[in-house]
Amino acid sequence: MAPSSRPRSRSVLERRHTEALSSWTERWIQTLLYHADPPKPPLTLAAEESALALRDLLRGDDGLALTELLQGYSLDERLIDRMRSRRLAPRLDALDQLSRARFRTAFEPLVQAFVESDAVARLMAGRAIALTLADWPEGPERDRACATFTRALEEAPLPSGAASEVMQLLEDAAPQILRALLSSERQRPELLRAAADTVGRMGRTELRGQVGQWIAHPNPEVRSAALRALSRLGRVPLNLSEDLLTALDDQTEFVRVQAAHAAKGLPQKLVLPILYESMGDRSWWVRRASAESLLRLGAGGRAALEKAARSHPDRFARDMSAQVLADSDTAVEDRRRPIRARPMEVPA
Amino acid sequence: MGAILVIDDDPVAAKLLELTLHPRGYRVDVARDFTSGRKALEAGGHDALILDIFLPDGSGWDILKYLRNELHLTLPVVVLTGHRQEDFAARATEFGANGYITKPFSPRDLAAQVEHLIG
């Protein structure tokens, strides 16, 4: 009966491991939230695993307290040693665990790993650094660490999407790094693009001006990312209006699309006739973006769209206006139905 | 004080919520997936729901819509998710959630929010 006993023994082991994790999780929570005695060293693997899973969930003082507690068991030193392994698997495993633990003591070794590693390990080191910085209390030490990571990002290339993913993990530490990356005239286009995208995704309106300065960059990917960010941030500074209107005539289609989206952030009086005109663009995507922007400009924009549906000289512009108006009416109906029928009651 | 249903497939998150809320006087029921969560809601008896969005066998959004539009329950819902898609907070409000919290989170803040919602 050997073939059937092996899976059974594996499932027994898995069940025991799950039970051990659950029991350790409870013990760590009791220690953190209710001041129970901390476990005595050395920690078992289940104790480490459950502590790191819990740490990954915690924000604020409780999270910092658990990190400090784990440093008391020298877990940071063991993970840093493992991160320097010549074998890839333990190295990646250690990087993953360090990203959960957020040890400030691991910051410098992580930056070194970020600069010297291959692409996969670099991304994981970047994630660990960003999560560590996100939990780092404000102050001169964090400022210095942010400056170090900015230099590392400039020195060690990451694909634009991966760099943006890492930067979004920085949370409150992000503005300092984004501002530095966006203010360098000789910045690599991929990094500018990543920084601009991050500003937009994080809704960092205080960096609107820094992003806006790149909407006329020679690289179309950068122009597009800067315009996309402005569109996400809403209002567009007036001093950028000329460059933005120029971008509506850009030779690259995806730049014109983003310009049409961003244009809704300009004053209505300025942008209504421009968007009306760009409804006649040769690209379906630009026409769609222009129509959607008009729709978001309130009553004036809707009236312009209705006029375009009736009498725009371009047949495709008329079709697109009618389509976007019809889609918006359907969407409004879909949203209203459940809310109107059953208003939610929140207990006082 | 009240009964809270937690629908979350992450055992650590579920345990953390349970050990945060139980000492404050709440009964905490945990469902680890879409199916058992839906059943628990149908059975009723809860004063608040803490809801994860990505569940192994379905979506928390569907649970939220089911709760509001099919069961017509008005109990407060806090969406708790580890994913930070840009539109999630807006979608949570649109589907009738009363709170939206991303992981990592402070268990004390979450408990305060639940206490505020239950009243």
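The values are calculated or read from the model by the stated rules, or taken from the named source; none is laboratory data. Everything quoted here is computed from the prediction, not taken from an experiment. All Cβ positions, glycine included, derive from the backbone under ideal geometry; neighbour counts span all protein chains shown. Side chains are part of the model used for accessible areas, which takes the heavy atoms of the whole protein and leaves out ligands, DNA and RNA. Shrake-Rupley method; radii C 1.70, N 1.55, O 1.52, S 1.80 Å.
Here B:Lys39 is the anchor, and the lysines within straight C-alpha reach of less than 24 Å, apart from those fewer than 8 places off in the same chain, are B:Lys15, B:Lys65. Among A:Tyr276, A:Tyr34, A:Tyr73, the largest mean-square fluctuation in a Gaussian network model of chain A, built with springs joining Cα atoms closer than 10 Å, belongs to A:Tyr34. Projected onto their three principal axes, the Cα atoms of segment A:70-130 cover extents of 32, 23, 16 Å, largest first.
Run through the DSSP bridge list for chain B and note the antiparallel percent, rounded to the nearest 5.
Values: 2 of 19 bridges.
Here the share of antiparallel DSSP bridges comes out near 10 percent.
What is the magnitude of the charge dipole of segment B:2-118 about its Cα centre, with +1 placed on the Cβ of each Lys and Arg, -1 on the Cβ of each Asp and Glu, and no other charges, expressed in debye to the nearest 20?
Roughly 220 debye for segment B:2-118.
With each run of n ≥ 4 DSSP H residues scored as -39500 (n - 2.57), what mean residue ellipticity at 222 nm is computed for chain B after dividing by its residue count and rounding to the nearest 500 deg cm²/dmol? Calculated mean residue ellipticity at 222 nm is -11000 deg cm²/dmol. Taking Cα centre as origin and charging only the Cβ of basic (Lys, Arg, +1) and acidic (Asp, Glu, -1) residues, the dipole magnitude of chain A rounds to 880 debye. Between A:Ala262, A:Ala308, A:Ala36, the GNM of chain A built on Cα springs shorter than 10 angstrom shows A:Ala36 fluctuating the most. Across the alpha-carbon atoms of segment A:127-167, the computed radius of gyration and Dmax are 10.6, 30 angstrom.
Determine the shielding of peptide B:10-19 by partner chains: average, over its residues, the number of Cβ atoms on other chains within 10 angstrom of each Cβ. Don't skip to the answer; put the middle values down first.
Working: counts 3, 6, 14, 5, 2, 11, 11, 1, 2, 8.
Taking the mean over all residues of the peptide, I get 6.
For chain A, relative contact order (Cα pairs under 8 Å, six or more residues apart, normalised by length) works out to 7 percent.
Relative contact order for chain B: 24 percent, from Cα pairs under 8 Å spaced at least 6 residues apart, divided by residue count.
With the charge dipole of segment A:99-235 set up from +1 on Lys and Arg Cβ and -1 on Asp and Glu Cβ about the Cα centre, the Cα lying farthest toward the positive end among the listed residues A:Val115, A:Val222, A:Ala194 is that of A:Val222.
One quarter of the convex hull surface, Cα atoms only: what value does that give for the protein assembly as shown in nm²? Spell out each step's value before the answer.
On the way: hull surface 111.6 nm².
If you wrap the Cα atoms of the protein assembly as shown in a convex hull and average its projections, you get 27.9 nm².
Per-residue shielding of B:99-105, expressed as the average number of other chain Cβ atoms within 10 Å of the residue Cβ, stands at 4.
Expressed as a fraction of 2.2 N^0.38 Å, the C-alpha radius of gyration for segment A:95-233 is 0.99. For the chain pair A and B, the interface hides roughly 2400 square angstrom of accessible area in total, found with a 1.4 Å probe.
Rounded to the nearest 20, the size of the Cβ-charge dipole of segment A:151-242 about its Cα centre is 240 debye, with Lys and Arg at +1 and Asp and Glu at -1. Within the listed set A:Pro237, A:Pro159, A:Pro42, the Gaussian network model of chain A (springs between alpha-carbon atoms below 10 Å) gives the highest mean-square fluctuation for A:Pro42.
Taking a ≥ b ≥ c as the square roots of the eigenvalues of the alpha carbon gyration tensor, chain B is rounded, as a/c is under 1.5. Expressed as a whole percent, the accessible area of the protein assembly as shown that falls on carbon and sulfur atoms is 51 (1.4 Å probe). Hey, what did segment A:1-151 get for relative contact order, percent, Cα under 8 Å, at least 6 apart? Relative CO of segment A:1-151 lands at 16 percent.
How many times 2.2 N^0.38 Å is the alpha carbon radius of gyration of segment A:1-129? Could the numbers behind the result be given before it?
Numbers: Rg = 16.7 Å, N = 129, 2.2 N^0.38 = 13.9 Å.
Compactness ratio reported: 1.20.
Projecting the Cα atoms of B:Leu55, B:Pro11, B:Tyr26 onto the charge dipole of chain B, computed from C-beta unit charges around the Cα centre, puts B:Tyr26 farthest toward the positive end.
P(r) for segment A:243-331, from all Cα pairs and a bin width of 10 Å, is 21, 56, 23, 1 %, short bins first.
Here, P(r) means the percent of Cα pairs in each 5 Å bin from 0 to the largest distance; for segment A:31-77 it is 5, 20, 35, 30, 9, 1.
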